[in-house]
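The numbers here are math on the coordinates, done by the rules we state, and not lab data. Because the structure is predicted, anything quoted here is derived from the model rather than measured. Note: ideal-geometry Cβ built from the backbone for every residue, glycine included; neighbour counts use all protein chains shown.
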Amino acid sequence: MAKKVLYSVVGVVVLGFVLLLIIGLNTPQPIKQAQESAPVQNPVVVATSSAPDKQKVAAILSASTDHYVSLLSSAKTVLGTTQYADANAGLKALNDPSSAASQLGSFRTNTCLKNDPGTNAMSAYQEADNLYSGTSPDALGNWNEDINNAASDICLWAGDAVSWQIKEVTTTKLRADEQKVTDDITKARADIQSLSK
C-alpha cells in the first residue's frame, strides 16, 4: 500500500512538472527587439521663420510716420504766416473761431494737452512688435524712440507757434523747432529702411 501511495505521489509530481513545462512552452514570450535594428529617428521638425513680413512691418510704421508728417503739415497750414501785433490782439483773435490763433489753439489743446500725441506711434509699435516671435530688432526700438520724439517735438513747435503769433518767439526759433520734427521723421524713416533689409 505504501508503494502505491509513493508511486501515486511521484506520478502527481512528475505530471505537475510535465504540465508546467508544457504551459511554459505555450506561454507567449515578450518580443525582444533585435540589437541590430535601425535606430529610431526623431521626426523632422520644420522650423517656421521668426522674421515677419518685412513689407507689412514697413507699411505699419510708414503709416504712423506719415500721420506725424500730416499732423505737422496741418498745424503749419493753420498757423499761416500772419502774426498779431501783440498779446492783446492775439487774445482777441482767440475769440474768433475762424482765426489762426483760435484754430492753432484748438490744434494744440486737442493734440498735445488733452490727448497723448504719441498714441498713434504706440499703437503702430505694438502692432509691428507683435509680428515678431521673440525679440524684435533694435531698429524697431529706434523707430519707436524717433517717432515719439517727433510727436513730442510737434507739441513743442505748437507751443512756440502760439507764442510766435504774438511775436514772443522769433521766426528763427520756430523754424528750428520745425527742423527738429523733420530730423525726427528722417530718422524714423531710416529706421524703417533698416527693418526692410
Choose one of G80, W164, G141: the residue whose Cα lies farthest towards the positive end of the charge dipole of segment 54-196 (beta-carbon charges +1 Lys, Arg; -1 Asp, Glu; about the Cα centre). G80
Excluding residues fewer than 8 positions from K173 in its own chain, the aspartates and glutamates with Cα under 19 Å of it are D86, D153, D160, D183, D184
Going 7 Å from the Cα of K173 along its beta-carbon direction, which residues of segment 66-97 have the amide nitrogen within less than 16 Å of the resulting point? 83-84, 86-87
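Please get the size of the charge dipole for segment 54-196, origin at its Cα centre, with Cβ charges of +1 on Lys and Arg and -1 on Asp and Glu, quoted in debye to the nearest 20.
Details: 12 positive and 17 negative charges, 67 e Å.
The calculation lands at about 320 debye.
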If L174, L140 are placed from fewest to most neighbouring beta carbons inside 10 Å, the sequence is L174, L140
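Using 0.36 nm per residue of separation minus the Cα-Cα distance, give me the extension gain between L113 and N130 in nm, one decimal. Please list the in-between numbers first.
On the way: separation 17, 0.36 × 17 = 6.12 nm, distance 2.93 nm.
Length gained, L113 through N130: 3.2 nm.
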By counting other Cβ atoms within 10 Å of each Cβ, how are R108, R175 ranked from fewest to most? R175, R108
